[in-house]
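The structure appears right after this line, and notes come after that.
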Amino acid sequence: MSDLRIRPAGPEDLDTVLAFWKTAAEGTSISDDRDGVERLVTRDPEALILAERGRELVGTVIAGFDGWRCHLYRLAVHPDQRRRGIGSALLTAADERFVRLGGRRGDAMVLVGNERAQHAWRASGYEPQEQWRRWVKPLTG
């Protein structure tokens, strides 16, 4: 793991991240486009955290903080690199960021059918809250 580099994404990383998510992330989001990710990085330059091995992107997580709550999205590890501690390293970086910002609890969006992801989140100390449901409404401009 000593060759793993954890760092925030910059504008120069956006195309690589979007291509990476097509391979490594489960599901898609309405915000999975260059404009959406660019807005994220512009608004909060430390929110999109990357894991690299050498010059290769091997993992991502979005650690968003709105001043009140800590939200985690897009924890993704390249399929060939899974079970090597990359996801744990990304979540540790996210937790450290949240603590620095004054956050008190992290929450993650995890697909119901993604059992592999559920196992990884549980192993990192997260647990589902069955009493909650996510409600969404697409916004149009």
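The values are calculated or read from the model by the stated rules, or taken from the named source; none is laboratory data. Note that the structure is predicted; figures quoted are calculated from it, not measured. All Cβ positions, even for glycine, are placed from backbone atoms using ideal geometry, and neighbour counts span all protein chains on display. The protein model used for the area step is the full one, side chains on, heavy atoms only, and it has no ligands, DNA or RNA in it. Shrake-Rupley method; radii C 1.70, N 1.55, O 1.52, S 1.80 Å.
Does at least one position in the range 91-108 carry a residue that is among the hydroxyl-bearing types (Ser, Thr, Tyr) and surrounded by fewer than 20 Cβ atoms within 10 Å (Cβ to Cβ)? Scanning the range 91-108, I find at least one residue that is among the hydroxyl-bearing types (Ser, Thr, Tyr) and surrounded by fewer than 20 Cβ atoms within 10 Å (Cβ to Cβ), so the answer is yes.
Select the strands (runs of 3 or more DSSP E) contained entirely in the range 10-91, then report the ones holding at least 1 residues which are in contact with an Asp or Glu (Cβ under 7 Å, 6 or more places away or on another chain) and under 19 Å from residue 102 (Cα atoms).
Numbers: elements: 48-53, 56-65, 70-77.
Once the strands (runs of 3 or more DSSP E) in the range 10-91 are filtered for at least 1 residues that are in contact with an Asp or Glu (Cβ under 7 Å, 6 or more places away or on another chain) and under 19 Å from residue 102 (Cα atoms), what remains is 56-65, 70-77.
Assessment of the range 63-74 against the conditions (closer than 14 Å to residue 6 by Cβ, surrounded by 19 or more Cβ atoms within 10 Å (Cβ to Cβ), in contact (Cβ under 8 Å) with a residue 24 or more places away in the chain and of a type outside the set (Gly, Ala, Ser)) yields no matching residue. Just one of the numbered conditions (1) modelled with pLDDT under 95; (2) among the hydrophobic types (A, V, I, L, M, F, W, C); (3) out of contact with any His (no Cβ under 8 Å at 6 or more places or on another chain) is not true of residue 24: (3).
The one condition from (1) loosely packed, with under 14 Cβ neighbours inside 10 Å; (2) in a helix (DSSP H, G or I) that residue 7 does not meet is (2). Does residue 85 qualify as being among the small types (Gly, Ala, Ser), at pLDDT 90 or above and open to solvent by less than 20 Å² (accessible area, probe 1.4 Å)? For residue 85, the condition - among the small types (Gly, Ala, Ser), at pLDDT 90 or above and open to solvent by less than 20 Å² (accessible area, probe 1.4 Å) - is not met.
Only residues that are over 15 Å from residue 25 (Cα atoms) and part of a loop (DSSP other than H, G, I, E, B): list them for the range 103-126, please.
Keep residues of the range 103-126 that are over 15 Å from residue 25 (Cα atoms), which gives 103-107, 119, 122-126.
If the condition is that a residue be over 15 Å from residue 25 (Cα atoms) and part of a loop (DSSP other than H, G, I, E, B), then 103, 104, 105, 124, 125, 126 are the ones that fit.
Filter the range 44-56 for residues that are surrounded by fewer than 21 Cβ atoms within 10 Å (Cβ to Cβ) and touching a residue at least 24 places away in the same chain (Cβ under 8 Å) and give the result. Let's see the steps before the verdict.
The first filter runs over the range 44-56 and keeps only residues surrounded by fewer than 21 Cβ atoms within 10 Å (Cβ to Cβ), leaving 44-47, 52-56.
Once the filter is applied, which keeps residues that are surrounded by fewer than 21 Cβ atoms within 10 Å (Cβ to Cβ) and touching a residue at least 24 places away in the same chain (Cβ under 8 Å), the range 44-56 yields 45, 46, 47, 52, 53, 54.
Scanning the range 18-43 for residues that are touching a Leu at 6+ places or on another chain (Cβ under 7 Å) and surrounded by 16 or more Cβ atoms within 10 Å (Cβ to Cβ) yields 20, 37, 40, 41.
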